[in-house]
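The values are calculated or read from the model by the stated rules, or taken from the named source; none is laboratory data. What you see is a predicted model; the values in this text were computed from it and never measured. Because the Cβ atoms are built from the backbone with ideal geometry, glycine has one as well, and the counts that use them run over all protein chains shown. With ligands, DNA and RNA removed, areas are computed over all heavy atoms of the protein, side chains included. Shrake-Rupley method; radii C 1.70, N 1.55, O 1.52, S 1.80 Å.
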Amino acid sequence: MRWSELRRNVGDALHGLFYFRYEQDLRAEAIELNDLFLLMCYMEMVGLPNPVTLYLLEVYPHLLSEFHLWHRRMGVDHSPLAQIRCC
Amino acid sequence: MLLADNRKAARRLLEKRILFFGGKGGVGKTTCAAAVALAASREGRRVLLVSTDPAHSTSDIFERQFTREEREILPNLFGLEIDADFEASRYIAEVKEQVSKMFSPSMVGAASRQIDLAAAMPGVGDVALFDRLTTIISARNSAYDLVIFDTAPTGHTVRLLQMPEMLRAWIDALAAQRRRAVERDADSRGDDGGEDQPDPIVSALERRRQRLDEVRARLVEHRDTSFVLVLIPERLPIEETSRAAGTLAEAGIEIGAIVVNRVLPDGLSGEFYAARRRQEDIYRREIDHRFKTMDRIVIAQLESDVYGLNRLERISAQIIG
């Protein structure tokens, strides 16, 4: 292996490592942000009134799949809420 | 009584396209709204009189049945008594239909249950009522020259008018949160954005917001829209009307006129009358003082309560002449 090749490989590896960590952080942040969004949509289930409930009806089917991903992430196989039957 | 002043103020009101009548319970909001609607329709304008008060009384005053759908009550005068429950169920039926077009049957089943549950939440009726109001207000090329809203007692109505502001704040917050999450998610997958599909949730929320903005634009600082506050010369209505005027001003909603309803007629005699009159004069001076910057319309009491076309016409005559 030539010196320049080695240098490039090490560079790539560091680059990959750095970006892997970076993307992981971003993904975690994205998940956290979306969980907060879900909470805002389903506030009423934790007893906080949400005046736009009626307008959110239009997006509920989209939210359903998000909710499914959330409870899987939380390590619950089936929907923990009787009101929301996503699976 | 200065009929000329009434007439001038009423003329200015009739130049508007949307009028709200509000005030404390029992001061004669419906009577005044109905009298103005009747007068305008007699002048050949197409008028829609909408009652948003859950306890409707427009049917009683006209002695003709108003319904939850618009219908012609008298020539050129159309009536509508909004039924919040009916509007909520209609809205929900529409949403379900949309959903069934966009998603797989299994998703639709799950979503339907969710939608039914959400529909039973408190406050949904108010939003549905507001949604119907929105449709009437923002209808471009409206079929009517003048839409008059006979509203519920002040508190309810002020809340209704503040709704676009409040809902908008909520929708903005939701959309911003969702957008942040979606962007972060795209970053984490190395997408540089650009060519991908817009997020359906953000799009739906933005459509909503646009509609709210349209309504807000028609309600606030709009020369076609005005609010009429009705009161009677008594302590409690004066206080409540002052507060309502303050709230409306804060919300940027124009007050077209103050209607001083049910004042004692001139030219009566007797000790009882004289005593009432003295008391009333104090309150009327108070009203003149507090609302001096606004047009005032003064309506004298009739010898009987107001229902039926004949008596309504007599009130109309006092306002418009």
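Tabulated values for the structure
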{"quantity": "GluC sites (Glu not before Pro) within segment B:7-72: DSSP coil, no more than 13 neighbouring Cβ in 10 Å", "calculated": "B:15, B:43, B:63, B:69"}
{"quantity": "Spin-label zone in segment B:57-86 - amide nitrogen under 20 Å from a point set 7 Å from the Cα of residue B:42 along the C-beta vector", "calculated": "B:58-65, B:72-79"}
{"quantity": "Carbon and sulfur %, accessible surface of segment B:44-85 computed with the full protein complex present, 1.4 Å", "calculated": "42"}
{"quantity": "Where labels lie 7 Å past Cα in the beta-carbon direction, separation of residue B:217 and residue A:12 in nm", "calculated": "5.5"}
{"quantity": "Rounded percent of accessible protein surface that carbon and sulfur make up, segment B:193-242, 1.4 Å probe", "calculated": "46"}
{"quantity": "Percent accessible area from carbon and sulfur atoms, segment B:116-185, protein chains only, probe 1.4 Å", "calculated": "54"}
{"quantity": "Reach of residue B:16 by Cα under 13 Å, taken over aspartates and glutamates that are not fewer than 8 positions away in the same chain", "calculated": "B:145, B:221, B:224, B:254"}
{"quantity": "Distance between modelled label sites at residue B:116 and residue B:275, nm, 7 Å Cα→Cβ extension", "calculated": "6.2"}
{"quantity": "Net charge, residue B:318 excluded, C-beta distance under 12 Å - Lys, Arg +1, Asp, Glu -1", "calculated": "+2"}
{"quantity": "Residues of the protein assembly as shown: accessible area per residue with a 1.4 Å probe, Å²", "calculated": "51"}
{"quantity": "Only Lys, Arg (+1) and Asp, Glu (-1) charged, at Cβ; segment B:204-317 dipole about Cα centre in debye", "calculated": "240"}
{"quantity": "Most to least accessible of B:288, A:77 (protein chains only, probe 1.4 Å)", "calculated": "A:77, B:288"}
{"quantity": "Rh (Kirkwood; distinct C-alpha pairs) - the protein assembly as shown, Å", "calculated": "24.7"}
{"quantity": "Net dipole in debye of chain A [+1 Lys, Arg Cβ; -1 Asp, Glu Cβ; about Cα centre; nearest 20]", "calculated": "400"}
{"quantity": "For segment B:52-130, convex hull of alpha carbons as volume per residue, Å³", "calculated": "100"}
{"quantity": "Using a Förster distance of 22 Å, the FRET efficiency for residue B:264-residue B:55 (Cβ separation, nearest 0.05)", "calculated": "0.20"}
{"quantity": "Sparse-neighbour loop sites [trypsin sites (Lys or Arg not before Pro); segment A:1-47; at most 15 other C-beta within 10 Å; DSSP]", "calculated": "A:2"}
{"quantity": "Listed residues B:167, A:69 arranged by accessible area, highest first, probe 1.4 Å", "calculated": "A:69, B:167"}
{"quantity": "Exposed-loop-free span, longest in chain B, where trypsin sites (Lys or Arg not before Pro) count as exposed if DSSP calls them loop and at most 13 other C-beta atoms lie within 10 Å", "calculated": "B:1-139"}
{"quantity": "Förster radius 41 Å - calculated FRET efficiency between residue A:25 and residue B:224, Cβ distance, rounded to 0.05", "calculated": "0.20"}
{"quantity": "At least 50 Å² of accessible area lost relative to the chain alone, listed for segment B:90-128 with a 1.4 Å probe", "calculated": "B:91, B:103, B:107, B:114, B:121, B:127"}
{"quantity": "Area hidden from solvent between A and B (accessible, protein heavy atoms only, 1.4 Å, total, Å²)", "calculated": "3600"}
{"quantity": "Charge context of residue B:65, other residues only, Cβ under 15 angstrom, K/R +1, D/E -1", "calculated": "-4"}
{"quantity": "Dipole axis of segment A:4-87 (+1 Lys, Arg; -1 Asp, Glu on Cβ), positive-most option in A:80, A:69, A:24", "calculated": "A:24"}
{"quantity": "Check: the protein assembly as shown dipole with +1 on Lys, Arg Cβ and -1 on Asp, Glu Cβ, in debye", "calculated": "780"}
{"quantity": "Segment B:151-220: GluC sites (Glu not before Pro) in DSSP loop, at most 11 other beta carbons within 10 Å", "calculated": "B:195"}
